[in-house]
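The values are calculated or read from the model by the stated rules, or taken from the named source; none is laboratory data. Nothing here was measured: the structure is a model prediction, and the numbers come from that model. Cβ atoms come from the backbone with ideal geometry, glycine included; neighbour counts cover every protein chain shown.
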Amino acid sequence: MSGHATEVSSGDRFEFGANWTKFLKVLNDDRIAQAERSLCDMLGVSNLQGKTFLDVGSGSGLFSLAARRLGAKVHSFDYDPKSVACTIELKRRYFPSDSEWVVEEGSALDNVYLASVGKFDVVYSWGVLHHTGAMWKALANMAPLVASSGRLFIAIYNDQGRSTAMWIKIKKAYCVSPPPLRACILCLAFIRLAGPTALRALLKGQVDEAGRNYGKEGGRGMSPWRDVVDWVGGYPFEVAKPEEIFDYYRSRGFVLEKMQTCAGGHGCNQFVFSKC
């Protein structure tokens, strides 16, 4: 078996690609437009015409698609074969036979592979590097991929101390459990994470509307249920405080352009750095 398959079978890795495969069933034009807006908002641009874009850990392929629609020349890769298949599927749907969008299988920890892809105007890795099993090495590996005057856009899970330690145990338990027990863990986690919002929507008679409007305010085109599955199962799992990421890249010649935190919650802190 491949390294990925071995890690999954031993319970050391969540199958992100299997979750993304199901997400593609609900992907629509509104979600794609949300993804495009989120890219433009964080990068402070209206399009990516003439830019090269590296999607490190492309997942569903949604943001590779968004970047390509915004005019970038895109290179996508992922460690999970099913995530690679998802990205290939989106390319087939929207940009068949397009030479300006390359999709490959690769790892953010594989220095030989990374040396082969070149440098890019925008290196993008949202919610990926903390799932590699060696986050700080993965973070270091991003720096050489950014072209001169290029930009690095990453999102890393927030360090919540004791809460983080609890979630690590839950994630590991999910990955080693049989399907029936996984379903129980997911349901309990969904109640914990989405219960208060769902209850407010129920009391207002707006349950359907809440589901349709998920993430529209500053959203990224995601699905609420798929986000919960991704969060609960997402293992390996590492975290960092915002200042740790800031200091790390500042010492490597990067300047912070924009930061958006999760206000101390369990989500990701987002960073856009420029290379001096």
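A compact table of results
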quantity: Identity of the residue in segment 242-275, out of contact with any Leu (no Cβ under 9 Å at 6 or more places or on another chain) and either among the small types (G, A, S) or not assigned by TED's automatic domain parsing to the domain that holds I32 (or both), that ends up surrounded by the most Cβ atoms within 10 Å (Cβ to Cβ); calculated: G267
quantity: Residue match in segment 208-215 (condition: outside any helix (DSSP H, G or I), at pLDDT 60 or above and outside the structural domain of Y79 (by TED's automatic domain parsing)); calculated: no
quantity: 3 or more residues assigned by TED's automatic domain parsing to the domain that holds S60 and farther than 30 Å from F246 by Cβ: qualifying strands (runs of 3 or more DSSP E) within segment 80-178; calculated: 101-105
quantity: Restricting segment 14-53 to residues that are touching an Asp or Glu at 6+ places or on another chain (Cβ under 9 Å) and of a type in the set (G, A, S), the residue that is nearest to T132 (Cα to Cα); calculated: G17
quantity: Residue, nearest to F237 (Cα to Cα), within segment 9-38, restricted to residues that are without any contact (Cβ under 8 Å) to a residue 60 or more places away in the chain and in a helix (DSSP H, G or I); calculated: S9
quantity: Filtered residues of segment 41-64 (kept if in contact with a helix residue (DSSP H, G or I) (Cβ under 9 Å, 6 or more places away or on another chain) and in a helix (DSSP H, G or I)); calculated: L62, F63, S64
quantity: Test: residue in segment 233-243 that is assigned to a loop (DSSP other than H, G, I, E, B), under 25 Å from A33 (Cα atoms), of a type outside the set (F, W, Y) and at pLDDT 95 or above; calculated: no
quantity: Unmet criterion (only one of (1) surrounded by fewer than 23 Cβ atoms within 10 Å (Cβ to Cβ); (2) among the aromatic types (F, W, Y); (3) more than 27 Å from N47 (Cβ to Cβ)) for Y79; calculated: (1)
quantity: Among the candidates I32, I88, residue that is in contact with a strand residue (DSSP E or B) (Cβ under 8 Å, 6 or more places away or on another chain) and among the β-branched types (V, I, T); calculated: I88
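Condition check ((1) among the hydrophobic types (A, V, I, L, M, F, W, C); (2) over 22 Å from R151 (Cβ atoms); (3) outside the structural domain of V255 (by TED's automatic domain parsing)) across all residues:
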site	(1), (2), (3)
V8	yes, yes, no
F14	yes, yes, no
T21	no, yes, no
C40	yes, no, no
G57	no, no, no
G61	no, no, no
G71	no, no, no
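Let's see how each residue does on (1) surrounded by 15 or more Cβ atoms within 10 Å (Cβ to Cβ); (2) of a type in the set (A, V, I, L, M); (3) under 16 Å from the mean Cα position of the chain (by Cα):
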position	(1), (2), (3)
G106	yes, no, yes
V112	no, yes, no
A138	yes, yes, yes
N141	yes, no, no
I154	yes, yes, yes
Q160	yes, no, no
C184	no, no, no
I191	no, yes, no
